[in-house]
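Remarks on the structure that follows.
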Amino acid sequence: MRIFDPHIHMTSRTTDDYEAMYAAGVRAVVEPSFWLGQPRTSPETFLDYFDSLLGWEPFRAARHGIAHHCTIALNPKEANDPRCVPVLDELPRYLVKDGVVAVGEIGYDSMTPAEDTALAAQLQLAADHDLPALVHTPHRDKLAGLLRTLDVVRESALPVERVLLDHLNETTVKAAKDAGCWLGFSVYPDTKMDEDRMVAILREYGPEKVLVNSAADWGRSDPLKTRKVGDAMLAAGFDTDDVDRVLWRNPVAFYGLGGRLALDVADPGATHEGNSILRGGS
Amino acid sequence: MLTDETVAALRKELGARLDRAGREWLDRALAEAARAAEEGPGESPAARPAAWELRFASAGRHCRPADPATSTADAPVEVPADLPLDTADAVRVLLLHTARADALRAARLYERGTAAERRAVLLALPHLDVGDAAVPIVEDALRTNDTRLVAAAVGPYAADRLDAHTWRHAVLKCLFTGVPVAAVAGLDRRARGDAELARMLRDHAAERTAAGRPVPADLHRVLDLTASTPHPEEDRCASSTRTST
């Protein structure tokens, strides 16, 4: 089973996780830039974080045979802090970089005017840079947040077909699918979504444009949830092609929209005699 | 600086590797870099990135090989022999050289660059007119644990400009992180007769042995070099190593 985790915060994870993920079949990840748990107080600390997502973290991933890409943005929560907002002016310098495959995570946290402004500005940046957008849907007041998100997307220059709406659940999947967006589900130990609910949603809505992620971060989360969903799908009667579609081909198609995805990964630690190339694409 | 012949050879090699879109992209990028060189440093590097700088950032995806299935893009570009470059490295080094990037510009591109961009800046340093001013970039790369950056940092620029203490630690870092010492430019010249480097290597070997871990073969190779007598002219080079400014 080849697995692409389209949303995981590896900065917060250990090398044990990388090893377990590789053993489970994970060969590619996308790490969206997001809140670190501890609030930031200046744009500069964002820049160091972005540099890490484009430098150290891809190196760590490659040491474990995993291709690492990222999405770059001012996240919804910190869009409310005027000390952080100037980072929006720095984003164009980052959005041209090879390892950046989308603008994200953007979207709503508490649905404030400041979040409106940041979301609209960053959807425009995605359109300007020929990138898709990863849009987080809020944890509180989710359905209202999703509908408001769709309104802002429709008013933006970015086509809905280039938008992935994440953290969907039973109450929001239909509106997101009807709108024509890509559908993201974060499978957690006991909150956003679980394996069995995920299988039920796949039964009802089909695997088309569905992406499953672990969204593993610094909280209670599990970087192997993608594999567990694959196993649950097989146990429920889905075939291996369906599993491959959801866990590999759909994320490759979505994050490939910007033309920057590169799934071959060379272990940078194996420079000696250059004889250890790990392939992530097959 | 790269000679005109080397630049021509690099462009020819890249022309053979890239498809038509890639070649056209490269031609435009180099024209923009040349225009920036004619205009001089102008605005401060912290201002909006110049067109060629955006090209520098996006070179990886625009300069992929014509046919990935049969490509030799991961193989070193063999011209010139002392530049161990893959395709994107070669494009980025050419852009920096053509734009005549000064130390400020090189530092800005390094500081806000991806690992691939940082590596290209490091590889370009011997070919840029930056004097000692780029030594802090090399020192920064040597503080990382990213072996791609460490390997690029110990090139000819480091061989000529790092002070003795920093250079010795760079060699030790290579042994420590598994970067082959073949990547260390000027190794023979600078290691010969270096008693302090020999002490550091022996201590490192003793530590590894005490821990029941193997001693890297490269360590013995460098240790052998330290035991040889420096040539007079080599001694002059080694003892006149510059300190960073």
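The values are calculated or read from the model by the stated rules, or taken from the named source; none is laboratory data. Because the structure is a prediction, the values reported are computed rather than measured. No Cβ is skipped: glycine too gets one built from the backbone with ideal geometry, and neighbour counts run over all protein chains shown.
Restricting to region A:244-269, what's the tally of residues that are of a type in the set (D, E, K, R) and within 13 Å of another protein chain (Cβ to nearest Cβ)?
3
Considering each of B:172, B:125, B:104, B:142 in turn, give the residue that is touching a Pro at 6+ places or on another chain (Cβ under 9 Å), of a type outside the set (Ser, Thr, Tyr) and surrounded by fewer than 22 Cβ atoms within 10 Å (Cβ to Cβ).
B:104
Rundown of residues vs (1) of a type in the set (A, V, I, L, M, F, W, C); (2) modelled with pLDDT of 60 or more; (3) in a loop (DSSP other than H, G, I, E, B), yes/no style:
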| site | (1), (2), (3) |
| --- | --- |
| B:46 | yes, no, yes |
| B:53 | no, yes, no |
| B:58 | no, yes, no |
| B:69 | yes, no, yes |
| B:74 | no, no, yes |
| B:83 | yes, no, yes |
| B:88 | yes, yes, no |
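Take residue A:202 and decide whether it is in a helix (DSSP H, G or I), at negative phi, out of contact with any Leu (no Cβ under 7 Å at 6 or more places or on another chain) and without any contact (Cβ under 8 Å) to a residue 24 or more places away in the chain. Quick ask: steps written out before the conclusion?
Values: in a helix (DSSP H, G or I): yes; at negative phi: yes; out of contact with any Leu (no Cβ under 7 Å at 6 or more places or on another chain): yes; without any contact (Cβ under 8 Å) to a residue 24 or more places away in the chain: no.
For residue A:202, the condition - in a helix (DSSP H, G or I), at negative phi, out of contact with any Leu (no Cβ under 7 Å at 6 or more places or on another chain) and without any contact (Cβ under 8 Å) to a residue 24 or more places away in the chain - is not met.
Let's see how each residue does on (1) in contact with a Leu (Cβ under 6 Å, 6 or more places away or on another chain); (2) away from chain B (no Cβ under 14 Å); (3) hydroxyl-bearing (Ser, Thr, Tyr); (4) crowded, with 18+ Cβ neighbours inside 10 Å:
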{"residue": "A:21", "(1), (2), (3), (4)": "no, yes, no, yes"}
{"residue": "A:25", "(1), (2), (3), (4)": "no, yes, no, no"}
{"residue": "A:30", "(1), (2), (3), (4)": "no, yes, no, yes"}
{"residue": "A:55", "(1), (2), (3), (4)": "no, no, no, yes"}
{"residue": "A:62", "(1), (2), (3), (4)": "no, no, no, yes"}
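Pick from region B:182-214 the residues that are hydrophobic (A, V, I, L, M, F, W, C) and under 19 Å from residue B:147 (Cβ atoms): which of them is surrounded by the most Cβ atoms within 10 Å (Cβ to Cβ)? Outline the logic, then answer.
Step one: filter region B:182-214 for residues hydrophobic (A, V, I, L, M, F, W, C), giving B:182-185, B:187, B:191, B:195, B:197-198, B:200-201, B:205-206, B:210-211.
Applying the additional criterion that residues be under 19 Å from residue B:147 (Cβ atoms) yields B:182-185, B:187.
Working: B:182: 14, B:183: 17, B:184: 24, B:185: 17, B:187: 20.
Residue satisfying both the conditions and the ranking: B:184.
Suppose we filter A:75, A:80 for residues that are over 16 Å from the mean Cα position of the chain (by Cα), modelled with pLDDT of 95 or more and closer than 23 Å to residue A:149 by Cβ; which single one remains?
Values: A:75 fails: over 16 Å from the mean Cα position of the chain (by Cα).
Every option except A:80 fails the conditions.
Looking for something of a type outside the set (D, E, K, R) and within 10 Å of chain B (Cβ to nearest Cβ) - is there at least one such residue anywhere in region A:77-94?
Looking through region A:77-94, at least one residue is of a type outside the set (D, E, K, R) and within 10 Å of chain B (Cβ to nearest Cβ).
Name the residues in region A:33-62 that are part of a loop (DSSP other than H, G, I, E, B) and under 25 Å from residue A:268 (Cβ atoms), would you?
A:33, A:55, listed by residue number.
Taking residue B:220 as meeting all but one of (1) surrounded by 18 or more Cβ atoms within 10 Å (Cβ to Cβ); (2) part of a helix (DSSP H, G or I), write down the number of the exception.
The one condition residue B:220 does not meet is (1).
Quick one: would you say residue A:103 is surrounded by 22 or more Cβ atoms within 10 Å (Cβ to Cβ) and more than 14 Å from chain B (Cβ to nearest Cβ)? Walk me through it before giving the result.
Details: surrounded by 22 or more Cβ atoms within 10 Å (Cβ to Cβ): yes; more than 14 Å from chain B (Cβ to nearest Cβ): yes.
So residue A:103 fits the description; yes.
Got a number for residues in region A:147-172 being out of contact with any strand residue (DSSP E or B) (no Cβ under 7 Å at 6 or more places or on another chain) and either under 19 Å from residue A:185 (Cβ atoms) or in a helix (DSSP H, G or I) (or both)? If you could, list the steps in order and put the result at the bottom.
Step one: list which residues in region A:147-172 are out of contact with any strand residue (DSSP E or B) (no Cβ under 7 Å at 6 or more places or on another chain), which gives A:147-148, A:150-152, A:154-157, A:159-161, A:169-172.
Going one step further and asking which of them are either under 19 Å from residue A:185 (Cβ atoms) or in a helix (DSSP H, G or I) (or both), we end up with A:147-148, A:150-152, A:154-155, A:160-161, A:169-172.
The total comes to 13.
Residue check: is residue A:66 closer than 18 Å to residue B:116 by Cβ and away from chain B (no Cβ under 14 Å)?
Criteria met by residue A:66.
Which condition breaks for residue B:240 when tested against (1) modelled with pLDDT under 95; (2) more than 17 Å from residue B:156 (Cα to Cα)?
(2)
Could you check, for region A:173-192, whether at least one of its residues is among the basic types (Lys, Arg) and surrounded by fewer than 18 Cβ atoms within 10 Å (Cβ to Cβ)? Full working, then the answer.
Let us first name the residues in region A:173-192 that are among the basic types (Lys, Arg), namely A:174, A:177, A:192.
Applying the additional criterion that residues be surrounded by fewer than 18 Cβ atoms within 10 Å (Cβ to Cβ) yields A:174.
Within region A:173-192 (the criterion being among the basic types (Lys, Arg) and surrounded by fewer than 18 Cβ atoms within 10 Å (Cβ to Cβ)), the answer is yes, since at least one residue qualifies.
Mind checking whether some residue in region A:11-19 is crowded, with 19+ Cβ neighbours inside 10 Å, assigned to a loop (DSSP other than H, G, I, E, B) and either of a type in the set (Gly, Ala, Ser) or modelled with pLDDT of 95 or more (or both)?
yes
Condition check ((1) part of a helix (DSSP H, G or I); (2) surrounded by fewer than 14 Cβ atoms within 10 Å (Cβ to Cβ)) across all residues:
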position	(1), (2)
B:2	no, no
B:6	yes, no
B:11	yes, no
B:16	yes, yes
B:25	yes, no
B:33	yes, no
B:38	yes, yes
B:41	no, yes
